[in-house]
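Shown next, in structure tokens, is the structure this report addresses.
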Amino acid sequence: MSRRSGILEFAVLGLLRESPMHGYELRKRLNTSLGVFRAFSYGTLYPCLKTLVANGWLIEEPGHTPEDALAAPLAGRRAKIVYRLTAEGKEHFEDLLSQTGPDAYEDEHFAARFAFFGQTSRDVRMRVLEGRRSRLEERLEKMRASLARTRERLDDYTLELQRHGMESVEREVRWLNELIESERAGRDLKGSAPGGAAQQDTTSGSTGGLPRPGGIPGTDTPGDTAT
């Protein structure tokens, strides 16, 4: 399984943990709530759903909305399939939530992980945030070293682009510092009591009492453009 498909499976399980959904609604939530998946299509989502069903982490059920009730009599239309998380799927997602390895610090994976911080324990949130900050500090050091080596050979526009990339990384590091400070001070999303997972609210990207980034974290941070 590729890293990209692994991120998609994680996000699908997390959204379905909130409530069952049909494929169109799920895709819309992936696009609006988790901007990292803007480019995903039905051709990518449905094979992922089939894999999760085959693994026993999801089950398919017929839709029961008024629109679904009217769909069957119409020629060429079928009632929408609703996907529901199984007990095994919930257990698997909770296992994924507890993981804090290097993949959790990468741009796209971090964005998906952060979107589900409301379902993540405080100690795991801290490890992911600190790991992400460390990863970006390493990236920033490389960018600065590369810029120092190549500054004299760059034209003004390329130099400005490199500076813009560095400023973007520096901005996220400052934001991560604020998040880490908030976590240490015991300020959860929606003001949850310290020591437990924050209240679940991933539908709007709200960060409650925590500092709010300019967009979904990790989705607009430049790569090592100056390396």
Can you give the accessible area of Val53, probe radius 1.4 Å, in Å² rounded to 10?
40
What is the calculated FRET efficiency for His164 to Glu60, with r their C-beta to C-beta distance and R₀ = 35 Å, to the nearest 0.05?
0.15
Could you calculate the FRET efficiency of Asn177 with Thr44 from 1/(1 + (r/R0)^6), where r is the beta carbon distance between them and R0 is 30 Å, rounded to 0.05?
0.30
Based on C-alpha coordinates, I'd like the Rg and Dmax of the range 130-186, in Å.
14.1, 48
Starting from the coordinates of the alpha-carbon atoms of the range 92-150, obtain the Kirkwood hydrodynamic radius over all distinct pairs and give the value in Å to one decimal.
12.4
Could you run the Karplus curve 6.51 cos²θ - 1.76 cosθ + 1.60 with θ = phi - 60° over the range 161-173 and give me ³J(HN,Hα) per residue in whole Hz, x for Gly and Pro?
5, 5, 5, 4, x, 5, 5, 5, 5, 4, 5, 5, 4
Theoretical gain in end-to-end length, Glu94 to Thr150 [0.36 nm per residue, Cα-Cα removed]
15.6 nm
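The values are calculated or read from the model by the stated rules, or taken from the named source; none is laboratory data. Note that the coordinates shown come from a computational prediction; the quantities given were computed from them, not determined experimentally. Neighbour counts run over all protein chains shown; Cβ positions are idealised from the backbone, glycine included. Heavy atoms of the whole protein, side chains included, go into the accessibility calculation; ligands, DNA and RNA do not. Shrake-Rupley method; radii C 1.70, N 1.55, O 1.52, S 1.80 Å.
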